[in-house]
Amino acid sequence: MSDEPLISLLIVDDHPVVRDGLRGMFESAPGFRVLGEAADGVEAVAGAEALDPDVILMDLRMPGGGGVDAIRELTRRGARAKVLVLTTYDTDSDTLPAIEAGATGYLLKDAPRDELFTAVRAAAEGRTVLSPAVASRLVSAVRAPGNEPLSTREREVLALVARGTSNREIARELFISEATVKTHLTHLYAKLGVNDRAAAVATAYQRGILG
């Protein structure tokens, strides 16, 4: 029996069959607990406030309130939950707004169950999770204007970010404070012309800084 704490989930999808399938999948796997379900973005925000889940599995296109608006509102409210988008759509018009709104990760519904479990665990730890299809779209969509070279330390931080390392773990590994890690991230975001970890990693791969 693992001593790892259970990861609590809120499942958001407008299709009851999808919600039932996801609930069954997670309830039959060790390490997860489904706290509740929501059928649209408005219910998702209310559910997140009432249940305080670790991770929200969020569909994007739902009548009665879309996922991107819900993610934006959760971010505005400072919700503790990490949002992992789980959708059938990987178009730029869906991907970028969701990530810009504050989603921790973005997976497509055809992801294998083990990949989904791994993604939820990673999201719970605050690590960025992108399906390969979404990552490649971000690479082509994010065209940053800046060409200022990254410092050696910024490259080290970025490489650790690309491995899914949290700020706390980066600080420990590089023997610097978390505040210093955040400063390095701010500087490298500015140099790459991006706003978040996912876009920074995608842009770095596209430019050959990582890889």
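The values are calculated or read from the model by the stated rules, or taken from the named source; none is laboratory data. Just so it is clear, the structure is predicted and the values come from calculations on it, not from any experiment. All Cβ positions, even for glycine, are placed from backbone atoms using ideal geometry, and neighbour counts span all protein chains on display. The protein model used for the area step is the full one, side chains on, heavy atoms only, and it has no ligands, DNA or RNA in it. Shrake-Rupley method; radii C 1.70, N 1.55, O 1.52, S 1.80 Å.
Things to note:
- Taking the criterion of being open to solvent by 70 Å² or more (accessible area, probe 1.4 Å), in a loop (DSSP other than H, G, I, E, B) and modelled with pLDDT under 75, the residues of the range 102-150 that qualify are Arg143, Pro145, Asn147, Glu148.
- Filtering the range 176-195 to residues that are surrounded by fewer than 20 Cβ atoms within 10 Å (Cβ to Cβ), of a type in the set (A, V, I, L, M, F, W, C) and closer than 22 Å to Leu96 by Cα leaves Leu185, Ala190.
- Test: Ala198 is under 21 Å from Arg121 (Cα atoms), in a helix (DSSP H, G or I) and open to solvent by 30 Å² or more (accessible area, probe 1.4 Å): no
- Scan the range 44-90 for residues that are assigned to a loop (DSSP other than H, G, I, E, B) and without any contact (Cβ under 8 Å) to a residue 24 or more places away in the chain and the total you get is 2.
- Scanning the range 14-43 for residues that are out of contact with any Gly (no Cβ under 6 Å at 6 or more places or on another chain), part of a loop (DSSP other than H, G, I, E, B) and free of Cβ contacts under 8 Å to residues at least 60 places away in the same chain returns Asp14, His15, Ser28, Pro30, Ala39.
- Hey, Glu173 surrounded by fewer than 16 Cβ atoms within 10 Å (Cβ to Cβ), outside any helix (DSSP H, G or I) and not hydrophobic (A, V, I, L, M, F, W, C) or not: no
- Any chance Tyr205 is closer than 20 Å to Gly102 by Cβ and of a type in the set (Phe, Trp, Tyr): no
- For the range 22-66, a residue qualifies if it is open to solvent by 20 Å² or more (accessible area, probe 1.4 Å) and among the charged types (D, E, K, R), and the qualifying residues are Arg23, Glu27, Arg33, Glu37, Asp40, Glu43, Glu49, Asp52, Asp54, Arg61.
- Filter result (over 11 Å from Glu154 (Cα atoms) and either of a type in the set (Phe, Trp, Tyr) or in contact (Cβ under 8 Å) with a residue 24 or more places away in the chain (or both)) within the range 178-191: Ala190
- Scanning the range 90-106 for residues that are over 16 Å from the mean Cα position of the chain (by Cα) and either of a type in the set (S, T, N, Q) or over 28 Å from Ala202 (Cα atoms) (or both) turns up at least one hit.
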